[in-house]
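Quick notes on the structure that follows.
The values are calculated or read from the model by the stated rules, or taken from the named source; none is laboratory data. If you're wondering where the values come from, they're calculated on a predicted model, not measured in any experiment. Here the Cβ positions follow ideal geometry from the backbone for every residue, glycine too, while neighbour counts run over all protein chains shown. Protein only, heavy atoms only, side chains kept; ligands, DNA and RNA dropped before computing areas. Shrake-Rupley method; radii C 1.70, N 1.55, O 1.52, S 1.80 Å.
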Amino acid sequence: MTIRKLILLGATALVPLTSAGAQEQASEFDNAIAEIVVTARKTEERLQDAPLAVSVVSSTNIDRLGFNSITDLSRATAGLIFDDSFGRDANRPVIRGQANILGDSGVAFFIDGIYFNGSLVDYDVDTIERLEVAKGPQSALYGRNTYSGAINIISKAPTDRWGGRLQADVSEGTVYDITGALSGPIAQGLGLFVGGRYFKNEGLFTNTFDNTPIGVQETKSGYAMLKYDNGGSVRASLRGNYNSTRDGQPAVFATDANDNNCLFDNGGSFGAGYRGNGRYFCGIVQPQEINTNYTEQFAPGDFVGNTVDTLNTGLSIDIDLSESLTLTSLTGYNNRVTTQRTDGDYSPGGFQGVIFAAFPLGRPPAPLGFASSKTDFTFSNRQKQTDWSQELRLQYQADRARILVGGYFFDQDVDFRDNRVLPANAQTEASANMAAARAAVCARTPLCLFPTGDTSSLVELRNNQVSNIRNIAVFGVVQYDLTDAFSITAEGRYQEERIRTLAQSATVQAGNVGAPLDAERTFKKFMPRVTLDFKVTDNNLLYAVFAQGQKPGGFNGPAAISVGRATFDAEDATSYEIGSKNTFLNGGLTVNVAAFYNSIDGYQLTQPVQIVNPPAAPVTTSAIENAGDARIYGFEVELQARPTRELTLTANYAYANSEFRRGVDENQGTLNDVADDGLVNCSTGDQFPDVTGCQPLFGDITGKVLPRAPQHSLFIDADYRREIGSTGWQAFAGMNAYVLSTSFAQVHNLAQTGDSIVSDIRAGLQNDNFRLQFYVRNLFNEDSVQQLIRYADANNDLRRNFIAGLRPPRRFGVIAEVKF
């Protein structure tokens with residue numbers, strides 16, 4: 001059954017059940033769904049009164065659904081795609097199809113309204129009171145990197161009485177998640193909340209290379225908040241989060257370039273080149289076993305994997321200057337140190353010999369010479385990131401008007417350094433692999449008498465880059481109620497973002513390679529947002545929004561800079577949105593709908609760049625470029641209903657149709673050239689006719705779908721709870737399904753992930769102090785890949801292949817919780 005049919009079936013099945021059931025029960029009892037207050041517009045208002053598309057996952061729903069990560073929470077949010085199969089520090093959330101491959105996401109994270117630059121996949125969800133996801137450009141109020149949306153975590157605050165909770169979540173595959181919290185008052189008006197978490201995943205997959213677990217993850221974290229509020233004019237909270245993550249080699253597999261099944265290239269000579277093999281893979285990339293010799297790529301005793309240590313703090317102060325005037329200060333500090341030491345080819349090979357071309361050294365038959373080099377396809381680096389932010393705003397609230405003015409300052413320093421250290425046997429193994437590769441090429445042609453030798457060496461990269469980002473902005477809001485039912489809100493932000501970088505390519509063996517790049521760029525932008533909203537009734541809201549946002553440009557890394565891919569420009573978005581929020585049946589049914597159209601200029605696309613810069617070995621890196629302009633339109637529906645006192649139904653559906661309106665792509669040009677006559681020979685045109693050699697004319701990508709942008713997503717959950725007599729105990733059971741349509745790896749729209757349907761079930765008992773919940777995640781063992789990236793196969797002369805992350809398999813588990 002196709003995804004489209006499943007979505008239609010789910011929608012038609014749910015709506016009649018919801019409507020009929022709610023109508024039947026509404027007059028018999030109070031079935032109202034609990035109201036939620038949000039702060040998405042930097043003021044408190046009911047979710048159903050907020051004229052924008054904002055989705056909320058509350059702490060109640062986190063417990064009810066058994067979620068234990070931000071990735072889980074995203075499933076309950078229409079239009080948000082969030083995955084972490086390439087590693088918990090490698091996620092880039094997607095809202096409304098505005099995706100990218102690498103680089104910064106167009107979605108920014110905030111903790112209690114304070115900007116957080118980093119990954120939240122390993123965040124302790126037990127400390128979250130609610131998660132607010134504001135969709136569409138939020139740049140007017142939230143600033144940098146919110147041009148497609150903003151995710152704001154509202155932290156749990158101290159309670160009025162001392163209490164706490166302990167929770168253990170254990171599942172097969174040896175996954176443990178232990179959390180604890182304690183909260184209460186320590187003085188008049190002063191409260192304390194402290195919590196901690198230990199998470200360990202012993203590896204849900206097996207590395208067939210040595211039959212050991214792979215995908216191991218470990219997190220240790222602590223959280224604390226002091227909050228002061230004695231009912232007076234001053235309120236303050238000081239929050240701190242410390243998180244230490246230590247994850248092993250990720251559960252990622254690489255396809256074999258020889259499995260490419262389309263765009264066959266007949267080029268090559270003397271046994272080298274494509275020789276009739278496919279340049280690309282067309283269709284769905286199926287999951288494969290993981291087979292990597294990552295333990296042999298590094299010195300004995302070296303930890304292989306990714307580590308992240310994060311210290312994040314936030315200070316919030318509100319001062320009521322009068323009954324209608326409030327001054328707010330938000331101060332944030334973030335210190336984040338990451339290390340990466342992983343196998344980069346995701347294969348059982350290593351230190352490969354790469355052959356680019358072969359040629360006779362004399363009249364054939366003759367010895368063969370080679371354009372070749374030894375390669376070390378690993379990642380080994382360290383990055384330290386420190387940033388400060390300060391926001392001040394003054395808000396005036398009257399009966400019919402709200403005025404807010406504010407200023408913002410953000411300063412970030414990033415120090416990135418490659419630190420590769422080769423194991424003792426690397427050079428010997430590389431020489432043997434190169435000799436074998438040359439011998440194999442020679443054996444494929446009778447014109448080769450013997451292959452020539454190779455004297456090149458592997459190198460240890462010492463590329464480094466120091467960057468500073470400074471963002472200064474002023475912003476404001478004017479909201480006026482023209483009538484009791486009709487309001488207009490104008491928001492705007494002017495920002496200047498200056499980016500400085502000092503980048504140097506280097507190796508241990510050769511020292512600095514080329515001149516350093518010492519550069520600076522400033523991006524200036526005014527970003528408006530205008531909202532019209534009309535209260536049809538107290539329970540029905542209509543609204544329309546016009547907004548603009550920007551994802552700033554910047555600088556690529558040292559490797560890309562060394563081949564002339566130094567900078568990229570800003571990406572701008574203009575959005576139009578209409579929506580409706582509705583409450584029916586005495587609060588027992590809410591239906592929220594939003595439709596949008598986004599126009600994107602200067603879409604930032606990641607391109608693979610191959611670097612052959614002797615004496616360095618060939619390296620494939622990534623560079624961000626502005627590929628062209630795009631448009632995305634779609635709609636979202638969010639529904640929650642209580643047909644009976646015991647039953648709660650939740651559903652959301654998102655549709656996002658994306659395509660390029662204009663743009664060209666270098667790799668698309670190569671594929672077009674091959675498709676023409678089976679050769680890369682510029683038969684479709686030469687991009688640089690005045691330059692010696694052949695560079696195929698860049699390919700037109702107009703009409704292509706954006707990569708990593710599924711068209712459909714659907715989430716449905718049914719939750720049933722019933723009191724067990726007068727015992728104080730409650731029995732519960734629930735089931736949900738998350739449906740996601742396929743997405744493409746790149747703009748060529750050829751290789752794709754495939755559709756997926758993931759279902760979870762749960763059941764248990766609880767009272768005011770205890771909860772015991774049993775669950776099965778991924779009930780039907782969906783195994784389609786979660787993420788897919790175009791890559792290069794080091795075992796096959798860096799020809800095109802793909803890497804993909806495996807989806808966690810079906811597993812059974814239990815949650816035990818004690819409250820006191």
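How large is the charge dipole for the range 337-465, taken about the Cα centre, if only the Cβ atoms of Lys, Arg (+1) and Asp, Glu (-1) carry charge, to the nearest 20 debye? Could you put the intermediate results ahead of the total?
Values: 13 positive and 13 negative charges, 65 e Å.
With only Lys, Arg, Asp and Glu charged at Cβ, the dipole is about 320 debye.
Treating each Cα of the range 287-420 as an identical point scatterer and ignoring solvent, apply the Debye formula and state log10 I(q)/I(0) at q = 0.10 Å⁻¹.
Calculated log10 I(q)/I(0) at the listed q: -0.65.
Under 17 Å from a label point 7 Å along Cα→Cβ of residue 34: give me every residue in the range 156-179 with its amide N that close.
Zone members listed by number: 156-161, 164-165.
Count the net charge of all other residues whose Cβ sits under 10 Å from the Cβ of residue 740, scoring Lys and Arg as +1 and Asp and Glu as -1.
-2
For the range 481-587, what does the alpha-carbon gyration tensor say about shape, rounded, prolate or oblate, given a ≥ b ≥ c as the root eigenvalues, a/c under 1.5 as rounded, and a/b over b/c as prolate? List each step's numbers first, then the result.
On the way: a/c = 5.53, a/b = 3.31, b/c = 1.67.
Prolate.
Starting from the Cα gyration tensor of the range 711-820, take the square roots of the eigenvalues, sort them a ≥ b ≥ c, and report rounded, prolate or oblate (rounded when a/c is under 1.5, otherwise prolate if a/b is larger than b/c, else oblate).
prolate
Express in nm, to one decimal, how much length is gained between residue 702 and residue 530 on full extension, taking 0.36 nm for each residue of separation and deducting their alpha carbon distance.
Result for the pair: 58.9 nm of gain on full extension.
List the chymotrypsin sites (Phe, Trp or Tyr not before Pro) within the range 225-331 that DSSP assigns to loop and that have no more than 11 neighbouring Cβ atoms inside 10 Å.
Listed in order of number, the matching sites are 303.
Ignoring everything but the protein chains, give the 1.4 Å probe accessible area of residue 114 in square angstrom, nearest 10.
10 Å²
So, counting K/R as plus one and D/E as minus one, what does the shell of residues with Cβ under 12 Å around residue 147 add up to?
+3
Write out the chymotrypsin sites (Phe, Trp or Tyr not before Pro) in the range 107-193 meeting two conditions: DSSP loop, and at most 14 other Cβ atoms within 10 Å of their Cβ.
Taking the range 107-193 and a limit of 14 other Cβ atoms within 10 Å, the loop chymotrypsin sites (Phe, Trp or Tyr not before Pro) found are 162.
Scan (1) 58, 35, 27; (2) 46, 33, 25; (3) 48, 29, 27 for the value of semi-axes √(5λ) of the Cα gyration tensor in Å calculated from this model and give just the label.
Entry (3).
With point charges of +1 on the Cβ of Lys and Arg and -1 on the Cβ of Asp and Glu, referenced to the Cα centre of the chain, which listed residue (756, 545, 450) lies farthest in the positive direction of the dipole?
Comparing the listed Cα positions along the dipole, 450 ranks first.
I'd like the FRET efficiency for residue 761 and residue 384, computed as 1/(1 + (r/R0)^6) with the beta carbon distance as r and R0 of 35 Å, rounded to 0.05.
0.20
Filter the chain for me: DSSP H helices, axial length by Cα at least 24 angstrom, mean Kyte-Doolittle hydropathy not below -1.0. List them by residue number. Intermediate values should be presented prior to the final figure.
Working: long enough: 3-25 (33 Å, 0.69); 426-443 (25 Å, 0.46).
Within the chain the helices that satisfy the rule are 3-25, 426-443.
Once the Cα gyration tensor of the range 357-450 is found, what semi-axes does its equivalent ellipsoid get, as square roots of 5 times the eigenvalues, in whole Å, sorted largest first?
65, 19, 10
Rounded to the nearest 20 debye, what is the charge dipole size of the range 68-155 about its Cα centre when +1 sits on each Lys and Arg Cβ and -1 on each Asp and Glu Cβ?
440 debye
With a/c under 1.5 counting as rounded, go ahead and sort the range 401-445 into rounded, prolate or oblate using the C-alpha gyration tensor (a ≥ b ≥ c being the square roots of the eigenvalues; past the cut-off, prolate if a/b is larger than b/c, else oblate).
Working: a/c = 9.37, a/b = 3.17, b/c = 2.95.
Here the range 401-445 falls in the prolate category.
Would you calculate, for the chain, the mean residue ellipticity at 222 nm contributed by helices, counting each DSSP H stretch of 4 or more residues as -39,500 (n - 2.57) and dividing by all residues, to the nearest 500?
Details: 7 runs with 73 residues, N = 820.
Helices in the chain give a 222 nm mean residue ellipticity of -2500 deg cm²/dmol.
Among 554, 466, 366, whose Cα sits farthest toward the positive end of the charge dipole of the chain (+1 at Cβ of Lys/Arg, -1 at Cβ of Asp/Glu, about the Cα centre)?
So the residue we want is 366.
If we restrict to alpha carbons, what Rg and Dmax does the range 135-288 come to, in Å?
According to the Cα coordinates of the range 135-288, Rg and Dmax are 25.9, 84 Å.
Out of all DSSP beta bridges in the chain, what portion is antiparallel? Express it as a percent rounded to 5.
Numbers: 334 of 344 bridges.
Counting only bridges with both partners in the chain, antiparallel ones make up about 95 percent.
Using label points projected 7 Å from each Cα along Cα→Cβ, tell me how many nm separate residue 783 and residue 401, to one decimal.
So the two model labels end up 6.5 nm from each other.
Which of the peptides 432-441, 91-100 is most tightly packed, and how do the rest follow, going by the mean number of other Cβ atoms within 10 Å of each residue?
Highest to lowest by the protection proxy: 91-100, 432-441.
Once the dipole of the range 680-747 is set up with Lys and Arg at +1 and Asp and Glu at -1 on Cβ about the Cα centre, which of 698, 684, 725 lies farthest towards its positive end?
725
Residue-wise, which Karplus ³J(HN,Hα) couplings in Hz belong to the range 161-169, taking 6.51 cos²θ - 1.76 cosθ + 1.60, θ = phi - 60°, and x for glycine or proline?
Along the range 161-169, the couplings run 10, 5, x, x, 8, 10, 9, 10, 10 Hz.
If you rank 431, 467, 74 by how much accessible surface each has, with a 1.4 Å probe, what is the order from largest down?
Ranked list, largest accessible area first: 431, 467, 74.
Of 384/525; 525/551; 135/581; 156/220; 135/227; 156/384, which pairs sit farther than 21 Å apart, going by alpha carbon to alpha carbon?
As for pairs spanning more than 21 Å Cα to Cα, those are 384/525; 135/227; 156/384.
Short version: ³J(HN,Hα) in whole Hz for each residue of the range 41-56, in order, from phi by Karplus 6.51 cos²θ - 1.76 cosθ + 1.60 (θ = phi - 60°), x for Gly and Pro, what are they?
Per residue, the Karplus-derived 3J(HN,Hα) values read 9, 6, 8, 7, 7, 4, 3, 6, 9, 7, x, 7, 7, 9, 9, 10 Hz.
Tell me, what ³J(HN,Hα) does each residue in the range 729-740 have, in order and in whole Hz, if you take phi through Karplus 6.51 cos²θ - 1.76 cosθ + 1.60 with θ = phi - 60° and put x for Gly and Pro?
9, 10, 9, 9, 7, x, 8, 9, 9, 10, 10, 9
Dipole size in debye (nearest 20) for the chain around its Cα centre, Lys and Arg Cβ +1, Asp and Glu Cβ -1? Intermediate values should be presented prior to the final figure.
Working: 70 positive and 90 negative charges, 68 e Å.
Computed about the Cα centre, the dipole is about 320 debye.
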